[in-house]
Structures are given as structure tokens and as C-alpha cells.
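Here's the structure, in C-alpha cells; my notes come after.
The values are calculated or read from the model by the stated rules, or taken from the named source; none is laboratory data. In this text, all values refer to a predicted model and were calculated from it rather than measured experimentally. We place every Cβ from the backbone using ideal geometry, glycine too, and count neighbours over all the protein chains shown.
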Amino acid sequence: MTRALPESPPEPRKSVSSEALPTIGHIGRYALKYRIGEGGLGVVYAAHDPLLSRLIAVKTLNVDIQADARDTFNQLFLNEAKAAGSLSHPHIVTVFDAGLHEDEGQQGAYIAMELLKGKDLRQLLKDGWRPTPAQAALIVRRVADALAYAHTRGVVHCDIKPANIFMVGRTQPRVLDFGIARIARRRDAASRGDTTQHDETADLVAGSPYYMAPEQVRNESVDRRADVYSLGVVLYELLTGHRPFDGETLSAITDAVLHRKPPSAHQIVPEVPKELSEIAERAMMRNREHRTHSARALSRELRHWLEQQTPEAFEERRSGRLPWRRILAWTGGVAAVLALTGGMVWWGAMHPMPPEPASQQPMADVPPPPAVAPAPVPAPAPVAETASTAALDSAASQAMAQAEAALAQTPASAAAETPAPEPTPAPAQARGAAEGSAAPAAVPLPAGT
């Protein structure tokens, strides 16, 4: 879910061409038509460009410097305007022209740029608009993309703040005033007659105290990480609705920037996802060596976080329950499954399966075949006694008789002193014959067998 921007008041000049509008003054070739806004650096006008016949914005810079420093300032201004004019990015306001002019004997500078419809973030927050975490992440990610593009071309903004982020839609930012902070710093130094300043970046640091990096507060040299810090402060303010550092005086603000650690965004607003809160913390690290090292890296972190988020995830995190869209999706899925199941049951009832053919009936319905008894196997017939068997029996009988006669003739004393010799085992044939003699007589086979 996104939160719409506050409605801008209607513009009564829409039906009138820019050339037909009354002219209130001239700067360069541009005819000033009406005043858009005013700030500490100067005034912004809507102006008509007679060369291209279009309405543009002209921002004037109040330049009140000593004569001996004017040439140095003019050169610095033109260099900064040239650098800003070379930037072409969807989220950077387009600069058309820049120059110097005389107004009632006083020298001034101006920058001509595209005229945008909308409000800057400072005004939107003042009007009570609060972006969702996803909107805040997307806005800051796009500003980080713009800063990364400028950094690759050697341009450091040095004054990133809500007033310099102009919104032309819910999530369509345009970064304003590239180089203006350094121009203002040189202007202020020249107006004080400070001739010790030179063209090094360390001497041209500037910015708004609430959003200044600690190295800017200490008047040290700055690089692209100063813009990363300021953008982290902007993200913190978008998430919480409050600036991380506050104070009644400039010294109190700078002391907070240098020494105080603000609470995490998710500790102030529980609805803020912790992962997004930690991204802002890394961008706001006081030690720039520990800070997110570039705007490109900050953009990647926010892009990765955004790719993992959905509106339902935010709703679930906020309420602690399933969002209604997910409930509807699950309910619809269950209803579809039930409808499909009911349809299958109805189809089965209306179209019963045909009976199976007889060949496929269970085998239990067929009577089993009669059992067949196995044929008896006749026992082998005993073999008749042969003549050789009878002869063996006769020989064994004679040997036994002779042994008994020899024992009878031996004296008793000899028999007592001399151990009787062990009987000699009969030959196997005789033993078999003796055993066979105890068996019943075999039945002779019938003749002819």
C-alpha cells in the first residue's frame, strides 16, 4: 500500500500560455513571470525562454561579495554550473543554462533549469505526509542512483536534504542544486574577506547542519561518503518522521552529530522493518571508514530489500496476522479443490463403471479340479539265495566246530595261565553269511521271471 501525496493547489495559469503571462522582470534572456519560492540562497521564478518558447525555472543567487573576490567567485560559479549542467539522469533536475547578471548595480548569478510540478520532501513532511517503509526505501534508492551517477563524474553534492529532493510523484524524486552548497560556501567566505580559502574540496564543504556528515562539521575533506551519510539521515527521517539529531542552537546540533548516537528507526516506530532500519544505521555511521562506502552500495542494499517485500508482507508485519488478500487467495484455492472433488464424485455417480468380463471373474467361483492319487511304487522283491551263499554258510560252520574241539583238548592250567587268544574275526563274506542265516528265507520267484 502506498500513501498518496497531498494535493497541490490548482494553478490558475494552466489555460494561459507562458508568453502571455505578465512579466515582472528579466534575468539574462529570460522573462520572469511569477515567483515560485524563496530560500536562503535566493529566489526561484517561473520564467519564459523566448529562444525555445517554453516555461522554465530560474533560480537566482544573492551574491554580495567584495570586489577583489568577485572574479574568483565568478569562476567557481561557472565551473559548478557547468558540472551540474553535464549531468543527465532521470532523477536529477536538468540544468539548461547558468550565468551572471547585474541587477540595480549589484551582481547576481542565476541557474535556469526545468520547471517541475510538485513539492519537495521538506514541504511534504511539513504538510503531514508520511511514506510507507517501501515508499521511503524506493525514494532513497532512486536518489542514491542519481548520486552514484554524479559521483562517477566527479560531482559531489555536499547538501543532500529533504528541501533538495523534489517529488513529482509518489516515488519520483529529482535531486536539486548540485554544486550550490560549495558556491554558497565560497560566497560566504568571500563576503567576509577571507582570502585564505582556495579551490580544494576541503575548503568548500557546506551543507545543512541537521544533515551534515561529521567530517563536514569538523571542516575536513569530504568525498562521496558525505552524500551517503546525508542520504541516510533523510531515510531515517522518512521512516520515523523525526530528524535523528536536534538542538536549539547550531552548536547543540553539531555536538549531537559528533557525539550522540540516535535510537534505531525500528525502536522509534515498531512498524519499520529492522532490516531497513539497519540499512539507515550503516549509512549514518559516524566513522566514514565503517559507513556504507558508496551511493551505489546503498542503492544495492535498498534494491535487495525491496525485492523481498510485498504489500502483504508489510500488512502482516504491522498487524501480526495474515493479510486479507492472502486469506482470500487461500480460501479461493480450497474452494477450487472442493469443487473439483465434488465434480469428480458427481461424474462417477452419473457414469458408473461397466461390469468386468467373465474371464476376469475371481477364481474362487470355479470348482477346483478333482485330486489325483499318486500311483503306488511296488517294493523291490527279495533276491533268492544262491549256491554261493550256501557254500559260505557251510564253511563257517566247519571252522566254528574245529575251534571248539581245540579248546576242549587244552589243559585247564594252561588255559588259566595263558590268556585266551582273541577270536579272529570272520571274513566279511562269512559275517555277512552268518547274519544272513538269521533272516527269514527268501520267497523264490515264480518260474519265468
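Would you check if there is a residue in segment 297-320 being crowded, with 17+ Cβ neighbours inside 10 Å, at pLDDT 95 or above and more than 19 Å from the chain's Cα centre (by Cα)? Among the residues of segment 297-320, not one is crowded, with 17+ Cβ neighbours inside 10 Å, at pLDDT 95 or above and more than 19 Å from the chain's Cα centre (by Cα), which makes the answer no.
Only one entry of Asp127, Asp97, Asp145 meets the criterion of being of a type in the set (Asp, Glu) and within 32 Å of the chain's Cα centre (by Cα), and that entry is Asp145. If only residues of segment 244-259 that are within 17 Å of Ala283 (Cβ to Cβ) and assigned to a loop (DSSP other than H, G, I, E, B) are counted, the one that is nearest to the chain's Cα centre (by Cα) is Pro244.
Within segment 116-150, restricting attention to residues that are closer than 20 Å to Ser88 by Cβ, of a type outside the set (Gly, Ala, Ser) and modelled with pLDDT of 95 or more, the residue that is surrounded by the fewest Cβ atoms within 10 Å (Cβ to Cβ) is Tyr149.
Annotation note: Cβ proximity below 9 Å between a residue of segment 139-154 that is in contact (Cβ under 8 Å) with a residue 40 or more places away in the chain and a residue that is hydroxyl-bearing (Ser, Thr, Tyr) and assigned to a helix (DSSP H, G or I) (sequence gap 6+ or interchain) occurs for Val140/Ser299; Arg141/Ser299; Arg142/Ser299; Val143/Ser299; Ala144/Ser299; Asp145/Ser299; Leu147/Ser299; Ala148/Ser299.
Among residues belonging to segment 206-221 that are at pLDDT 90 or above and among the aliphatic types (A, V, I, L, M), point out the one that is nearest to Asn287 (Cα to Cα). This residue is Ala213. You will find that of Tyr229, Tyr236, the residue that is farther than 17 Å from Arg288 by Cα, at pLDDT 95 or above and buried (at least 19 other Cβ atoms within 10 Å of the Cβ) is Tyr236 and no other. Pairing residues of segment 163-179 that are without any contact (Cβ under 8 Å) to a residue 60 or more places away in the chain with residues that are surrounded by fewer than 18 Cβ atoms within 10 Å (Cβ to Cβ) and among the aliphatic types (A, V, I, L, M), at Cβ distances under 7 Å and at least 6 apart in sequence or on separate chains, gives Val168/Leu116. When the residues of segment 265-285 are narrowed to those that are touching a Lys or Arg at 6+ places or on another chain (Cβ under 8 Å) and in a loop (DSSP other than H, G, I, E, B), which ends up surrounded by the fewest Cβ atoms within 10 Å (Cβ to Cβ)? Per the stated criteria, the residue is Glu271.
What number of residues within segment 87-115 are out of contact with any Ser or Thr (no Cβ under 9 Å at 6 or more places or on another chain), modelled with pLDDT of 90 or more and farther than 15 Å from Tyr45 by Cα? The number of residues fulfilling the criteria is 5. Anything in segment 79-136 that is within 21 Å of Tyr34 (Cβ to Cβ), of a type in the set (Asp, Glu) and not in a loop (DSSP other than H, G, I, E, B)? List them, or say none. Result: Asp97, Asp103, Asp120.
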